[in-house]
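Shown next, in structure tokens, is the structure this report addresses.
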Amino acid sequence: MPLDYPIHRRTLPNGLRVVVSPDHTVPNVTVNLWVGVGSRHETLGRTGFAHLFEHLMFQGSRNVRSGEHFEALMAEGGRLNATTWFDRTNYFETVPTGAVELALWLEADRHGHLLDAVTQENLDNQRDVVKEEKRQRYDNQPYGSALIDVYAAVFPEGHPYHHPTIGSMEDLDAASLADVHAFFRRYYAPDNTVLTLCGDITPDAGFELVERHFGGLQASAGQPRRHHAQLEPITEPVRVDRHEVVPNDRLHIAFRLPVDETDEFLAAAVALDCIGGLGTSRLVKRLVRREQTALGAHATAWGLVDGASLGFVVLDVAPGTDAAVVEAAFAEELDAFLAGGPTEVELEASLAQSERSWLSALASQEERADLISHHLLLHDDPEVVNTHLDRLRGVTAEQVVAAAHRWLRPQSRAVVAYLALDEAADEGSEDAGSEAVA
Amino acid sequence: MSVVRPPVAPPRPWTYPSAAQHLMENGVRVLAHDLPGQYVLSLRVVVPTALSAEPPGKEGIAAMTARLLDEGSSAHDAEAFAELMERHGMVLGAGVSDGGLLVDVDVPKRHLETAAGLVREAVADAIFPETEVRRILRNRLAEIEQERASASHRAAKELARTLWAPGERAALPTGGTRETVGALTRDDLVEFHATSVGPQGATVVVAGDLTGVPVAEVLERTLGTWSAPRHRPVPPPAAPVPAPDAARVVVVDRPGSVQTEISVGRPGPDRSTPHGWAPHPVISFVLGGSPSARIDAVLREEKGYTYGIRSAFRPRVAGGSFVTAGSVRSEVTGEAVEILLTILDGAARAGFTDDELRSGVDYVAKTAPGRYATADAVADETAALALERLPLDFTTRTLRALPELTRNDLDAAYRRVVTGEWTVVLVGDAGTIVPALEGRVTGPVVTVDL
């Protein structure tokens, strides 16, 4: 079934790229902005800053007092938030149709005139809030820092994806008001931003409203730096062992992948599906169902734009099983996949699951708007919402094998192992939290 | 900026999507929501049961039965079943609440019949192969350890254990404990499935773009053939009885924690409360539903102690709770708990304001069209209505009641629940927390192991 979500596109004279995608089934409109700045733009000593900055966007701007953005929209039935990721920062709200202009006014005020209202007090307060976010989501969770270890193991120092979006406590402490001003001036500008309106609005009305509220903002973003060149796969296995108080051992086995929206990335993602992503993947069948040496097996491919993407497999080792046994079985399955390629059933299952999850995402106005903004900002192609599945259907077994041979060889893996401390207790607990890179 | 702040046009009236009803020959009620443009269909099967009817000492058997439904039928072994689901883009989950078993499926429209057929196999024909039983039970035991290691899960478990009277099913985890799960056998599960899971009283919900889908025929051919001759429906559950000593502070020692997970609870109503449900989500929003709500206005936006603390009424099929939960950095635990309880009790003493009433009502009422915009969300809500034995116009009637609410309604609803006595659970480093509570909380403080 070909998809035909309407995509009406226009660029304002100040560079703001706008898409209006009408859908009148629900009396709501989603306003979704993506700004071309994420943790990949952060400099040494300022990790976590893009995300901290995102918090400040809710603390008031020229005509909006601190907290009013949330309050004003929620009182009109708005549901809203913002997130920061490696490649971008997004801001979004879904509001009843009659409140869409208020949403655009609020967004334009902060995207154009944030600095009028930023104070040291707000910066200090949100720095504390972000530190609590870091403690809640990473530091106080079992395995909470595993992905941070994965990024550092897979990507070399200085690479945009070497450090996590949440940053470090030291760097958060170092963030100053001067940094806030410089960051806003450098990155927050209509020519580094895209805006999607999805829902109960016509293209004419949508473009007119966006023009009215954003037309006066000045283009000012600096020339974006060029993307890093594609990183080649790792040539020798990288290993990080963490001995921690965790309920069972867990292996995170990661690979560099080609950048997003390339045929090779899609093929590598299908390969990871077959190996560990599907509910009937090879790792699930062997380790979870038959040998029962793992409690669960999952695989993910994250498409990124700046010189590499990231693929990883997570294996939750069953209590009583040696993690090395599970890792050896993983390597065997990988070799078998490289030798034989995917079966027809695997390809069919991967495509069927991708289709459902893509259609489910598009079923919600919010997620549809987010996917449009994503592909508009990072790939200048919002039609991907309609074409992605056709492209996936074109992925062949040969492409999957070729991508796996290039990117998913056993020697190209970085393994971050979280090993339960109890088992190691007799050998001395001074190893707690220690890192060994071999 | 020269553009003036724009006015907001009032939203159009909206009602919850209506469902076409059909009664199948085997007695199963079908509720079908046609939602144009929703190409992934959501299918739910609701089987009324009562967790309190689990055999004593075998708590968790209902949840384990649910998990094993798709692990092998008389027609397909577990791997073949999983492969069939995946090749048809289907995803299936199954779980239980205090009042029922729920099977939850999403599938692209063209595969509805295959999906419904597999769901029939799961609910009617699961055969509980010994190896799969052993695996699922062993995984649950590992999951119990993982839940113990997670501060928020550990807090939820301790809150239930402290809030409800000993012997109440609600005091134990839905999925059972190490002891009760360890006691389960394949025979137990086969027997429980045969007697507790059947079509009598069951409801099937289908939501999505049903253009060209003969829903009644498709379901008659599949779930319409479901029979369970030994099925014995049980009466609906009763609300759990609170523990006589529920008003106390329990510290769960989690040495080295950099944050304290706070969970504060009271018994609360279910959605069938004769006083009306409408005030409850409004109160949740006003106290703990946003960064500007009473709690986060102080603990997050003023003090910077937390990423966010949420308050919510949590209705069960029978009874429920009012829970406020979140985490703060360890060294401010004492002050944060005192502030939190002061805010919660202060709302009972002084009541809510006109502004709070207006903004809370507007938020809950005006977000409804968006909250129920997808097939998934509509199927979930209609399945919840079936599970809770609520009428199908409940959601719309509750939304209609919102604009009529007064401050008195909010105050009365809150005061029915909040008496100044709280169950407080703190999961964190006891060595840091316990001394800091001195003089900040009333009632006994006990410390338990993780």
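A search for C-beta distances below 6 Å between a residue of the stretch B:346-372 that is more than 18 Å from B:S290 (Cα to Cα) and more than 10 Å from chain A (Cβ to nearest Cβ) and any residue that is charged (D, E, K, R) and in a helix (DSSP H, G or I), counting only pairs 6+ apart in sequence or on different chains, returns B:A348/B:R415; B:G351/B:D411. Candidates A:L33, A:L56: the one that is out of contact with any strand residue (DSSP E or B) (no Cβ under 6 Å at 6 or more places or on another chain), open to solvent by less than 10 Å² (accessible area, probe 1.4 Å) and closer than 30 Å to B:A368 by Cα is A:L56.
Of the residues making up the stretch A:104-141, those that are within 25 Å of the chain's Cα centre (by Cα), acidic (D, E) and either open to solvent by less than 30 Å² (accessible area, probe 1.4 Å) or more than 7 Å from chain B (Cβ to nearest Cβ) (or both) number 3.
Against the list (1) surrounded by fewer than 20 Cβ atoms within 10 Å (Cβ to Cβ); (2) at the interface with chain B (Cβ under 7 Å from one of its Cβ atoms); (3) outside any helix (DSSP H, G or I), the condition A:A82 fails is (2). Residues being open to solvent by 40 Å² or more (accessible area, probe 1.4 Å), in the same structural domain as B:S359 (by TED's automatic domain parsing), assigned to a loop (DSSP other than H, G, I, E, B) and in contact with a strand residue (DSSP E or B) (Cβ under 9 Å, 6 or more places away or on another chain) are entirely absent from the stretch B:401-414. Within the stretch B:285-298, the set of residues being within 24 Å of B:A247 (Cβ to Cβ) and open to solvent by 20 Å² or more (accessible area, probe 1.4 Å) comprises B:R294, B:V298. Residues in the stretch B:299-327 that are aromatic (F, W, Y) and over 21 Å from B:S97 (Cβ atoms) were compared, and the one that is surrounded by the most Cβ atoms within 10 Å (Cβ to Cβ) is B:Y305.
Being in a helix (DSSP H, G or I) and within 9 Å of chain B (Cβ to nearest Cβ) is a condition met by no residue of the stretch A:149-159.
Restricting A:D204, A:D173 to residues that are free of Cβ contacts under 8 Å to residues at least 40 places away in the same chain, open to solvent by 30 Å² or more (accessible area, probe 1.4 Å), away from chain B (no Cβ under 12 Å) and charged (D, E, K, R) narrows the list to A:D204. Check the stretch B:25-37 and report whether any residue there is surrounded by 14 or more Cβ atoms within 10 Å (Cβ to Cβ), under 25 Å from A:R368 (Cα atoms), in contact with a helix residue (DSSP H, G or I) (Cβ under 7 Å, 6 or more places away or on another chain) and of a type outside the set (A, V, I, L, M, F, W, C). Checked against the condition, which is being surrounded by 14 or more Cβ atoms within 10 Å (Cβ to Cβ), under 25 Å from A:R368 (Cα atoms), in contact with a helix residue (DSSP H, G or I) (Cβ under 7 Å, 6 or more places away or on another chain) and of a type outside the set (A, V, I, L, M, F, W, C), the stretch B:25-37 yields at least one hit. When the stretch A:207-242 is filtered for residues that are open to solvent by less than 70 Å² (accessible area, probe 1.4 Å), closer than 19 Å to A:Y151 by Cβ and outside any strand (DSSP E or B), the ones remaining, listed by number, are A:Q230, A:L231, A:P233, A:I234, A:P237. Which of the residues spanning the stretch A:338-362 are more than 9 Å from chain B (Cβ to nearest Cβ) and under 21 Å from the mean Cα position of the chain (by Cα)? Answer for the stretch A:338-362, where residues must be more than 9 Å from chain B (Cβ to nearest Cβ) and under 21 Å from the mean Cα position of the chain (by Cα): A:W358, A:A361. Does A:P247 qualify as being more than 12 Å from chain B (Cβ to nearest Cβ) and surrounded by 19 or more Cβ atoms within 10 Å (Cβ to Cβ)? Answer is no for this residue. Counting only helices (runs of 4 or more DSSP H) that sit wholly inside the stretch B:51-166, those with at least 3 residues that are surrounded by fewer than 22 Cβ atoms within 10 Å (Cβ to Cβ), at pLDDT 95 or above and within 14 Å of another protein chain (Cβ to nearest Cβ) are B:78-87, B:130-149, B:151-163.
The values are calculated or read from the model by the stated rules, or taken from the named source; none is laboratory data. Quick caveat: nothing in here was measured; it's all calculated off a predicted structure. Neighbour counts are summed over all protein chains in view; Cβ atoms, including those assigned to glycine, are modelled from backbone coordinates with ideal geometry. The accessibility values were calculated without ligands, DNA or RNA, using every heavy atom of the protein model including side chains. Shrake-Rupley method; radii C 1.70, N 1.55, O 1.52, S 1.80 Å.
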